[in-house]
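Trainee: One structure, as structure tokens, below. Some questions next.
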Amino acid sequence: MRSTSALALMMASLAVGTLSACGDKTDEGPTDAGTGGEATGKCPASAYICESFDNGQNGWKTPDEEHNATITIDSTRTRSGSGALHVVTEAGHNEFPLGEEEDPQTIAHLRKDIPTFGTALYARAYVYLNRAAPQDVMGTYFILFSPKEGSFGGIELQGMVNGGFALDDWSGVEGTGWNYQDDLKVTTSPNRWTCIEWAVKRTNATDTTGRAQVYVDGTLAFDFPNVGMRPFSNFAVGYGFVHPHGDSASETWIDDVAVAPERIGCE
């Protein structure tokens, strides 16, 4: 299952802005670059992105195409400070039957360039969903993407109706693909702020496969094996549905986003 939203991201990435320095929440503290352990939740000095959305768009770019969704930075619901990312997806869009709707997607993200992925990358965001993803539909939170010729591809973290997660892998690496969480001991729930962490790792910077982990409020929810790896250099955060089935209305807020080469954790 390849996210067609990535095609818009691919084209827009050619004009993406330069990486901005961390500025909003950069308090230093001990962090853990491993699979678990202590992490303060504060942005480490090594962070590529520390974003509270209190300064508006602040260098974030939007894809050139809109997909039946709006994405704004406002104060309608914030976890901290005066701003948060606010995504609203439209109702009534359905990719089936094929051919009846030119663009059935309901999805929107903001994106930034990051240093080329080496062996470890950690993303953290606080997410408030007004509802779980619809049945048989996945809601995309994060995207890591490589627009480079010969290394085009990406991976994305998705949420499912049962509060679990899926990993959409359109890296093009042989033997990899869509994977879902089959152990539901740790899940998310709507109508509350949830700390979601996404860890992407490989042993060597030249490896074509690795793993991706997802944490909920600091607890490991799932470990996705055999994930395709590319020289990812673009990070996107937002929400929405690539393959909606008609029940496509949602409202989501995202705040306190951080991306770093070491684990950040939850505050």
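Trainee: Is one or more of the residues making up the range 170-190 under 15 Å from the mean Cα position of the chain (by Cα), surrounded by fewer than 23 Cβ atoms within 10 Å (Cβ to Cβ) and among the aliphatic types (A, V, I, L, M)?
Mentor: Looking for residues that are under 15 Å from the mean Cα position of the chain (by Cα), surrounded by fewer than 23 Cβ atoms within 10 Å (Cβ to Cβ) and among the aliphatic types (A, V, I, L, M), one finds none in the range 170-190, hence no.
Trainee: Looking for something closer than 25 Å to G265 by Cα and surrounded by 19 or more Cβ atoms within 10 Å (Cβ to Cβ) - is there at least one such residue anywhere in the range 95-104?
Mentor: From the range 95-104, those closer than 25 Å to G265 by Cα are none; that's our starting set.
No, there is no match, as no residue in the range 95-104 is closer than 25 Å to G265 by Cα and surrounded by 19 or more Cβ atoms within 10 Å (Cβ to Cβ).
Trainee: Has the range 249-256 got any residue that is free of Cβ contacts under 8 Å to residues at least 60 places away in the same chain and in a strand (DSSP E or B)? Let's see the steps before the verdict.
Mentor: So the first thing to find is which residues in the range 249-256 are free of Cβ contacts under 8 Å to residues at least 60 places away in the same chain, and the list is none.
Checking the range 249-256: not a single residue is free of Cβ contacts under 8 Å to residues at least 60 places away in the same chain and in a strand (DSSP E or B).
Trainee: Which of the numbered conditions does K25 fail, given that it passes all the others? Conditions: (1) modelled with pLDDT of 95 or more; (2) more than 22 Å from P190 (Cβ to Cβ); (3) not in a strand (DSSP E or B).
Mentor: Failing condition for K25: (1).
Trainee: Here's something else I'd like to know. Examine the range 105-123 for a residue that is modelled with pLDDT under 95, crowded, with 19+ Cβ neighbours inside 10 Å and either in contact with an Asp or Glu (Cβ under 6 Å, 6 or more places away or on another chain) or basic (K, R) (or both), and state whether such a residue exists.
Mentor: No; the residues of the range 105-123 include none that is modelled with pLDDT under 95, crowded, with 19+ Cβ neighbours inside 10 Å and either in contact with an Asp or Glu (Cβ under 6 Å, 6 or more places away or on another chain) or basic (K, R) (or both).
Trainee: Condition (residue is within 15 Å of D113 (Cβ to Cβ), at pLDDT below 95 and surrounded by fewer than 16 Cβ atoms within 10 Å (Cβ to Cβ)) applied to the range 35-43: is it met by at least one residue?
Mentor: As a first pass, look at the range 35-43 and keep what is within 15 Å of D113 (Cβ to Cβ): none.
No, the range 35-43 contains no residue that is within 15 Å of D113 (Cβ to Cβ), at pLDDT below 95 and surrounded by fewer than 16 Cβ atoms within 10 Å (Cβ to Cβ).
Trainee: If you don't mind, another one. Which members of the range 76-91 meet the condition of being more than 18 Å from H109 (Cα to Cα), crowded, with 16+ Cβ neighbours inside 10 Å and of a type in the set (G, A, S)?
Mentor: S80
Rundown of residues vs (1) of a type in the set (G, A, S); (2) over 21 Å from I107 (Cβ atoms); (3) in contact with a helix residue (DSSP H, G or I) (Cβ under 6 Å, 6 or more places away or on another chain), yes/no style:
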residue: Q181; (1), (2), (3): no, no, no
residue: T203; (1), (2), (3): no, yes, no
residue: D207; (1), (2), (3): no, yes, no
residue: G210; (1), (2), (3): yes, yes, no
residue: P225; (1), (2), (3): no, yes, no
residue: D247; (1), (2), (3): no, no, no
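Trainee: Can you tell me which condition T76 does not meet? The list is (1) under 25 Å from S233 (Cα atoms); (2) over 20 Å from the mean Cα position of the chain (by Cα); (3) modelled with pLDDT of 90 or more, and all the others hold.
Mentor: Tallying (1) under 25 Å from S233 (Cα atoms); (2) over 20 Å from the mean Cα position of the chain (by Cα); (3) modelled with pLDDT of 90 or more, T76 fails exactly one: (1).
Trainee: Restricted to the range 199-248, and to residues that are more than 17 Å from the chain's Cα centre (by Cα), in a loop (DSSP other than H, G, I, E, B) and of a type in the set (G, A, S), which residue is farthest from R263 (Cα to Cα)?
Mentor: G246
Trainee: Out of T62, T89, report the one residue that is among the polar types (S, T, N, Q), under 19 Å from the mean Cα position of the chain (by Cα) and closer than 12 Å to Y239 by Cα. Give the steps one after another, and end with the answer.
Mentor: On the way: T62 fails: closer than 12 Å to Y239 by Cα.
Exactly one of T62, T89 is among the polar types (S, T, N, Q), under 19 Å from the mean Cα position of the chain (by Cα) and closer than 12 Å to Y239 by Cα, namely T89.
Trainee: List pairs: first residue in the range 98-121 and without any contact (Cβ under 8 Å) to a residue 12 or more places away in the chain, second residue assigned to a strand (DSSP E or B) and surrounded by fewer than 22 Cβ atoms within 10 Å (Cβ to Cβ) anywhere in the structure, Cβ distance under 9 angstrom, at least six positions apart or on different chains.
Mentor: The qualifying pairs are E100/N94; E101/N94.
Trainee: Tally time: how many residues in the range 173-226 are within 14 Å of Y122 (Cα to Cα) and aromatic (F, W, Y)?
Mentor: So the answer is 2.
The values are calculated or read from the model by the stated rules, or taken from the named source; none is laboratory data. All values derive from a computational prediction rather than experimental measurement. Positions of Cβ are backbone-derived with ideal geometry, glycine not excepted, and every protein chain shown enters the neighbour counts.
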